[in-house]
Structures are given as structure tokens and as C-alpha cells.
Amino acid sequence: MIANTPPPPYYAVIFTSERTGELEGYEDTAARMVELAQGQEGYLGIESAQDPDLSRGT
């Protein structure tokens with residue numbers, strides 16, 4: 001089923017990142033990005049995906 005969305009305009013923002021071994025501050029920064037996104041007019045939601053192998057550090 002197609003999502004029930006409000007009338008346009010709305011936008012998709014897509015970004016990629018490459019994690020390094022240094023994760024200090026990552027969770028705080030990610031939480032702040034969600035907070036900023038939620039404050040944007042027309043905000044519909046956030047989806048995130050990552051390579052499961054990378055989350056295990058392999």
C-alpha cells in the first residue's frame with residue numbers, strides 16, 4: 001500500500017556516510033540530526049539502514 005502523504009510539495013533528503021573506528025559522539029550527533037529533521041516544515045519521517053557487517057566491526 002502506498003503511504004498516505006499530505007499534498008506536495010515535500011522532499012526527500014538522502015545522505016550516505018562511512019563510519020570509521022572512532023565512534024565518540026556519533027550517537028549524540030545522530031540524535032541531533034533527527035531533532036533538526038523533525039523541526040523542518042513538511043517533515044514526514046526518517047528511515048535509516050546500515051550494512052550489518054559494519055555494525056559488528058568486520
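What follows is calculated from the coordinates using simple rules that are stated; it is not laboratory data. If you're wondering where the values come from, they're calculated on a predicted model, not measured in any experiment. Counting neighbours? That spans all protein chains shown, and the Cβs are built from the backbone with ideal geometry, glycine included.
With the biggest extent put first, the Cα atoms of the chain measure 43, 26, 14 Å across the principal axes.
Within the chain, list the GluC sites (Glu not before Pro) lying in a DSSP loop whose Cβ has at most 16 other Cβ atoms in a 10 Å radius. Before the final figure, lay out each step's value.
Numbers: sites: E18, E22, E24, E27, E35, E41, E47; in loops: E18, E22, E24, E41, E47.
Hits after loop and neighbour filter: E18, E22, E24, E41, E47.
All other residues whose Cβ lies under 15 angstrom from that of M33 are scored, Lys and Arg at +1 and Asp and Glu at -1, for a net of -2.
For the chain, state which trypsin sites (Lys or Arg not before Pro) are in a DSSP loop and have at most 11 other beta carbons lying within 10 Å of their beta carbon.
Details: sites: R19, R32, R56; in loops: R19, R56.
Sparse-neighbourhood loop trypsin sites (Lys or Arg not before Pro): R56.
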